[in-house]
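The values are calculated or read from the model by the stated rules, or taken from the named source; none is laboratory data. The model shown is predicted, which means the values in this text are computed figures rather than measured ones. Heads up, the Cβs are rebuilt from the backbone with ideal geometry, glycines too, and the neighbour counts pull from every protein chain shown.
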Amino acid sequence: MSNILWKSLVVSPAVLGATLLVSSTAIAATNATTEVATTDTVVPTEVAVQQPEIVAQAAPTTSETQIINQVDRYGSEGRGTTQSQVTSVSQFSDVQPTDWAFQALQSLVERYGCIAGYPNGTYRGNRALTRYEFAAGLNACLDRVNELIATATADLVTKQDLATLQRLQEEFSAELATLRGRVDTLEARTAELEANQFSTTTKLVGEAIFAVTDVFGGGDIGDNNNTVFQNRVRLGLQTSFTGRDVLTTRLSSGNASSIIGADNNPVTGTGEGLQTFQVNSTGNNTVEIDKLTYEAPIGPVQVYLAAAGGRHSHYAAVNNPYFFDKTDGGNGALSTFSSENPIYRIGGGAGIAFNIPFGQGGGILRPSSLTVGYLASDANSPSGINPINGQTTGSGLFNGDYSALGQLNFSVGDRVALAATYVHSYRGAGSNLFSPGRDLVGGGENNIPLVGTSFANSLANSSSINAYGVSAAFRPSNNLSISGFVSYIDVVGSGAGDDREAWTYGAGIALPDFGKRGNVLGIFAGAQPYSLGRTSGGNNDVPYQVEGFYKYRVSDNISITPGVIWVTNLNQNGNNDDAFIGTLRTTFTF
């Protein structure tokens, strides 16, 4: 009896590991078809396909042949991904002792050698499992089983041992039947999803925002703004060709527009008070492609390629968790200022970027990375004419408006993230500093300032910009996040009196899971981008902003966010009345 128990103990961990791999494969196949992409993830979830059961020794029918061919095509996914055996769970850079499955991984890696990792030292525990990865893990477990059995063949199994095994099988027959039924149910659900899925390589994701907004204040602020009900809708196609890359094609529509600023001009005026759902809104519910990007790894380097709608915050670490929602989505802060450091809003368009890891890390300091990127706002224009003043200006990928970014990223332990950012940009006459660019071919609709005062934004003549910023995020506990930034911008213009300096800074506190899992309470305060000393007309006051919001998660796909934005010294003028912007935002994701 002791022999059979010992052998059962030897074999059971490997069998359990194989069972977990099979279960996770089936679950991943289900999730990969239904999951909605929401975050800042660059690497998409691979599509895991459940292998249809094929009866041996039976000639396949036409239908079965089609299934076999389809499975063969699916099986080709992931062949470019190699895995290597690890001997210690500490070799995985993305596995922490605080992870819920850490002990299980540690046992499978260090005791049984059943887990393989990626060449870059990652485990990627949150992504779906491909067939090749499942086969590699199962093979490692079976090899270990054979090795353990080979060392325990001195004593053969007796009839008494077999009788004990039979008794145990009968005793747990109900549990085994339940487990078999669950596996069969998963297989049936997976087959149904495969038969009705939108595409084997493409996922359709979407976001719809309904927002009721009103602005309160004296003078022009109160008179020129009314209660409005606005919307913005986005539909995105996310296509993966290798399982590690993603091609994003996004359609956008909406009728949202910003409040009218103190100078009553929404184009050349202020970007103060602009909200994230008002960005990339077409204004009259027409449909346009507002983002076309491709992201893929080349060795350890992550590459970002934008053909249209590129932003620096798409590929650079913003370090503003819970306030930032990638590409101005509807789940972070309400205002563009609270969402991210304004330095990332200098320029945009088409271009390329790289995220390059370096350093071995170890101890408190983790491996670091270097981010570099180049975006041109007039990349599609062979020859451009400024729609504002009618003058011929530079255009194209290298001869028009552009913005180049360099950023160093550091992690200190598991709780602190730091970044130092530099942006160099050239902007033509009539541009706004904190905007994607003039977009000469498109008529200049992308030249609307996204944040900051008109004195910080308006560039009457062509200018050269050098911007410097730092950002930090600190998470002392799972229910508290503190983040902030500061940026300095030096503008050198070609006209008299164009030279100036601009500043902006802010900090926020977020309480995730406040009141309910998935909810977020956030408060962010700071100074909108401003430039003092440009005029003598009293526009030398710092425009401060305070925002408070509470995102209430109704379900996995619906959230309601009420909030208030308080802006002082509008357009840098203390004589202007303060603006109080109240918003009730409802976000649907699918």
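A few remarks follow.
- Cβ separations smaller than 6 Å between residues 6+ apart or across chains give the following pairs from the range 266-285 residues that are in the same structural domain as Phe455 (by TED's automatic domain parsing) and at pLDDT 80 or above to residues that are in a helix (DSSP H, G or I) and surrounded by 24 or more Cβ atoms within 10 Å (Cβ to Cβ): Leu274/Thr336; Thr276/Thr336; Thr276/Ser339.
- The set of residues in the range 141-164 that are β-branched (Val, Ile, Thr) and either more than 43 Å from the chain's Cα centre (by Cα) or modelled with pLDDT under 70 (or both) comprises Ile149, Thr151, Thr153, Val157, Thr158, Thr164.
- Of the residues Asp499, Asp513, Asp541, Asp490, the single one that is charged (D, E, K, R), more than 30 Å from Asn409 (Cα to Cα) and surrounded by fewer than 16 Cβ atoms within 10 Å (Cβ to Cβ) is Asp499.
- Index of the failed condition, Ser555 passing every other in (1) buried (at least 23 other Cβ atoms within 10 Å of the Cβ); (2) under 30 Å from Val233 (Cβ atoms); (3) free of Cβ contacts under 8 Å to residues at least 60 places away in the same chain; (4) not aliphatic (A, V, I, L, M): (1)
- Candidates Thr336, Thr371, filtered to the one that is under 29 Å from Tyr118 (Cβ atoms) and over 14 Å from the mean Cα position of the chain (by Cα): Thr371
- Answer from Gly526, Gly563 - the residue that is more than 29 Å from Ala460 (Cβ to Cβ) and surrounded by 15 or more Cβ atoms within 10 Å (Cβ to Cβ): Gly563
- Answer from Ala460, Ala429, Ala456, Ala419 - the residue that is more than 28 Å from the chain's Cα centre (by Cα) and more than 24 Å from Pro543 (Cα to Cα): Ala429
- Some residue of the range 339-361 being over 25 Å from Ser395 (Cβ atoms), in a strand (DSSP E or B) and modelled with pLDDT under 90: yes
- Every listed requirement among (1) closer than 21 Å to Phe337 by Cα; (2) surrounded by 14 or more Cβ atoms within 10 Å (Cβ to Cβ) is met by Leu480 save one, (2).
- Residues in the range 108-131 that are crowded, with 18+ Cβ neighbours inside 10 Å and not in a loop (DSSP other than H, G, I, E, B): Leu108, Val109, Gly117, Arg131.
- Scanning the range 165-204 for residues that are within 32 Å of the chain's Cα centre (by Cα) and assigned to a loop (DSSP other than H, G, I, E, B) gives Gln197, Phe198, Ser199, Thr200, Thr201.
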